[in-house]
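No lab work stands behind these numbers, since they all come straight from the coordinates. Everything numeric here is computed off the predicted structure, so don't read it as measured data. Heads up, the Cβs are rebuilt from the backbone with ideal geometry, glycines too, and the neighbour counts pull from every protein chain shown.
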Amino acid sequence: MISAAEALARLQEGNRRFVADIRSNKTAPTQSRRSELVAGQAPFAVIFSCSDSRVPAEIVFDQGLGDLFVIRVAGNVVAPSLVGSVEFAAAHFATPLVVVMGHTQCGAILATVEELEQPAEQRSPNLRSIVDRVRPSVETLLATELRHDRAALIRESVRANVRASAAHLRHGSEVLDGLIETRGLRVVGAEYSLETGEVDFFDGLPLR
């Protein structure tokens, strides 16, 4: 298995192809590749990202079948079952890199800001569970001058939420903490730009 640094470089190169509107012929799905994967998988990275339809990880990073273990949930919020999914991939497939990826103009972030500014009388308890997990990242920023600049508040909240989720994975799981110490697993945070297609890796670097 490749190292975390090599996995990151592979993702960055794939994203550069995506931004340039170039697709590698090595990542195209083929019958032979499907057949190879019947016996098992060895994804080189776990992508923990938002469910937004505009942010499909395999396309954003120009990767093919079997390359990425993708976990998606609105707002890329961390819950026990999702942590378990990351643990499964990292432990069973020796995947060296976990990427928590948010994105610009995230609806879950916007919903949380709106909830904090003007609480809704009625909201689905399931939707509220997402808002409640994003809330700590936004509340801190609402106490600053960012509360006067909605665009900047959303932008910084997206990144704060990514940092919080990445920190939770690093320190809130005995399994992942052990893999970080013994296998060199690394958890990094990133933001995908809907406007440019670029992924900015901004948390948990540099990788050694």
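A few comments on the model shown:
- Glu191 meets the conditions (1) in contact (Cβ under 8 Å) with a residue 12 or more places away in the chain; (2) surrounded by fewer than 17 Cβ atoms within 10 Å (Cβ to Cβ) in every case but one. The failed one is (2).
Every residue, every condition in (1) in a helix (DSSP H, G or I); (2) farther than 21 Å from Val46 by Cα, yes or no:
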position: Leu146; (1), (2): yes, yes
position: Ala152; (1), (2): yes, yes
position: Val158; (1), (2): yes, no
position: Asn161; (1), (2): yes, no
position: Asp200; (1), (2): no, no
position: Leu205; (1), (2): no, no
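- Hey, Gly189 more than 12 Å from the chain's Cα centre (by Cα) and not in a helix (DSSP H, G or I) or not: no
- Helices (runs of 4 or more DSSP H) fully within segment 11-96 that include at least 3 residues being crowded, with 19+ Cβ neighbours inside 10 Å and touching a residue at least 24 places away in the same chain (Cβ under 8 Å): 80-92.
- Taking segment 163-174 as the range and being crowded, with 16+ Cβ neighbours inside 10 Å and part of a helix (DSSP H, G or I) as the test, the residues that pass are Arg163, Ala164, Ser165, Ala166, Ala167, His168, Leu169, Arg170.
- When segment 1-30 is filtered for residues that are of a type in the set (S, T, N, Q) and more than 13 Å from Gly64 (Cβ to Cβ), the ones remaining, listed by number, are Ser3, Gln12, Asn15.
- Selected residue (only one of Asp177, Asp132 is more than 21 Å from Ala89 (Cβ to Cβ), surrounded by fewer than 16 Cβ atoms within 10 Å (Cβ to Cβ) and either touching a His at 6+ places or on another chain (Cβ under 8 Å) or not aliphatic (A, V, I, L, M) (or both)): Asp132
- Restricting attention to segment 32-79, the residues being of a type in the set (A, V, I, L, M, F, W, C) and more than 30 Å from Arg135 (Cβ to Cβ) number 7.
- Matching residues, segment 116-130, being over 21 Å from the mean Cα position of the chain (by Cα), more than 17 Å from Ala160 (Cα to Cα) and not polar (S, T, N, Q): Glu117, Pro119, Ala120, Glu121, Arg123, Pro125
- Val187 being of a type in the set (Val, Ile, Thr), within 19 Å of Ala7 (Cβ to Cβ) and in contact with a Lys or Arg (Cβ under 6 Å, 6 or more places away or on another chain): yes
- Test: residue in segment 108-115 that is charged (D, E, K, R) and either under 28 Å from Thr27 (Cα atoms) or crowded, with 19+ Cβ neighbours inside 10 Å (or both): no
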